[in-house]
Structure formats: C-alpha cells, structure tokens
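*Asks:* Quick one: structure below, then a few questions.
The values are calculated or read from the model by the stated rules, or taken from the named source; none is laboratory data. Everything numeric in this text was worked out from a predicted model, so none of it was measured. A quick note on method: Cβ atoms are made from the backbone with ideal geometry, for glycine too, and the neighbour counts reach across all protein chains shown.
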Amino acid sequence: MGMDGRNTMKKIEEFSDEQIVIVNNAIEMAEDIVSEFYKMSSSQWLRNRYDVLTLSQLSKSEIVFGPFAQIVRYLGKRNKSQLGSGDFDFYRICLQDHSIIQALRENFSLRLDPFVLYIIAHELIHIIRFGKFIQFFDASPDERALEETIVHQSTVDILKKINISGMKEVFKFYGC
Ligand SMILES: [Zn+2]
C-alpha cells in the first residue's frame, strides 16, 4: 500500500452478523477449554486481562494484513484505592476478519467455528505464557519463532483431546 493508500483503500471486509454469532460462540468455547486445561491460578489470572475484538472494533493501527489475529498489549493503570500497586498488562486479541474470510474462501474444507476456536485458543495460550513470564512480549525474531512452535503444539494438544467437528481440517490447514 502506497502513501496514498488511505485514499484508494477499499473497505476492509468484516464478518457478517451471522458470522459474528458463530465467532462469539467459538470465543466462549476457546476460553472454557483453555482455562479448564490450565490451573485455576492461570485462569483467574486471565480474567479481566484481555479482550477479544473483531475488525469493526479495531483501531487502524490494530489492523494487519496476513495474520488471522494479533495481540496488542496495553498498559493498564490500577486505581490507587485498590489493593496492589503498579501497572498491569492488558491484551487486546484483535481478530482480522478479512484474513480469516479469505482463508475460508481459499480452503473449502475449513469452517469458521473450529478455525476461530483454534485461533483464540492459540492467542490465549500466548497470553498465559506472557503472564507467567515464560515468554516475554518483546522477544527477538528467533525467540518468537520458537514460541510460535511451542504455542501451536500446545494448542493442538489441548484441542485434540476434545471432539470438535471440523477441527481435523483446521489441523490439516496448519500442516499437522
Ligand atoms: Zn502465535
């Protein structure tokens, strides 16, 4: 996209109302599965630490082309009257509707619900690992690549245990 991209940019494709319903269900399911898998401390930690958003809710800087989702970290400020001091990390899981829709068009065996379930479970595992400082948010490209492999494998391991229609096709899409 050139410097004048703003003037020529077409509207970026968003999920339809029907798709949003499917996506919201998949998000809820991913949250349940991931927090059930990890210890209580992790799922409690996870509460109020993140938001999942679709394209219509994203700011321009949160929209990317290529990835199906990205995590954007913000610094949260604690109210002074609350117990515990200091700032905390808050994560926005930014779903990229246009990229997901494109992938569905190119892969007829891929279905929206298991696909989004995988994507959200994957991002939640990233966030849990950020929280445990297993992986720092500001990692080098090499560390990031390794982290991707680990998180992908964990996601597959967790989702494999549950019988979800269409998930085999998602694994296949990711080459496993
Ligand atoms: Zn990832």
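Residues are listed down the side, and each one gets a yes or a no for (1) within 18 Å of residue 54 (Cα to Cα); (2) assigned to a helix (DSSP H, G or I); (3) of a type in the set (Val, Ile, Thr):
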{"site": "105", "(1), (2), (3)": "no, yes, no"}
{"site": "109", "(1), (2), (3)": "no, no, no"}
{"site": "130", "(1), (2), (3)": "no, yes, no"}
{"site": "148", "(1), (2), (3)": "no, yes, no"}
{"site": "155", "(1), (2), (3)": "no, yes, yes"}
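*Asks:* Also, I was wondering about something else. Looking at residue 169, is it farther than 26 Å from residue 56 by Cα and assigned to a helix (DSSP H, G or I)?
*Replies:* It is true that residue 169 is farther than 26 Å from residue 56 by Cα and assigned to a helix (DSSP H, G or I).
*Asks:* Also, quick follow-up: Is it true that residue 115 is of a type in the set (A, V, I, L, M, F, W, C), more than 14 Å from the ligand (Cβ to nearest atom) and outside any loop (DSSP other than H, G, I, E, B)?
*Replies:* Answer is yes for this residue.
*Asks:* Tell me, please, whether a residue that is at pLDDT 95 or above, in a strand (DSSP E or B) and over 14 Å from residue 127 (Cβ atoms) can be found in region 70-87.
*Replies:* Within region 70-87, not a single residue is at pLDDT 95 or above, in a strand (DSSP E or B) and over 14 Å from residue 127 (Cβ atoms).
*Asks:* I've got another one for you. Just give me the residues in region 138-176 being within 12 Å of the ligand (Cβ to nearest atom), over 24 Å from residue 103 (Cβ atoms) and either in contact with a His (Cβ under 8 Å, 6 or more places away or on another chain) or not small (Gly, Ala, Ser) (or both), in sequence order.
*Replies:* Passing the criteria: only 146.
*Asks:* Also, I was wondering about something else. Name the single residue, out of those in region 88-106 being away from the ligand (no atom under 16 Å from the Cβ) and touching a Lys or Arg at 6+ places or on another chain (Cβ under 9 Å), that is modelled with the highest pLDDT.
*Replies:* Applying the filter and picking the extreme gives 104.
*Asks:* On the basis of being surrounded by 12 or more Cβ atoms within 10 Å (Cβ to Cβ), outside any helix (DSSP H, G or I) and within 12 Å of the ligand (Cβ to nearest atom), does residue 121 make the cut?
*Replies:* Considered against the rule, which asks whether it is surrounded by 12 or more Cβ atoms within 10 Å (Cβ to Cβ), outside any helix (DSSP H, G or I) and within 12 Å of the ligand (Cβ to nearest atom), residue 121 comes out as no.
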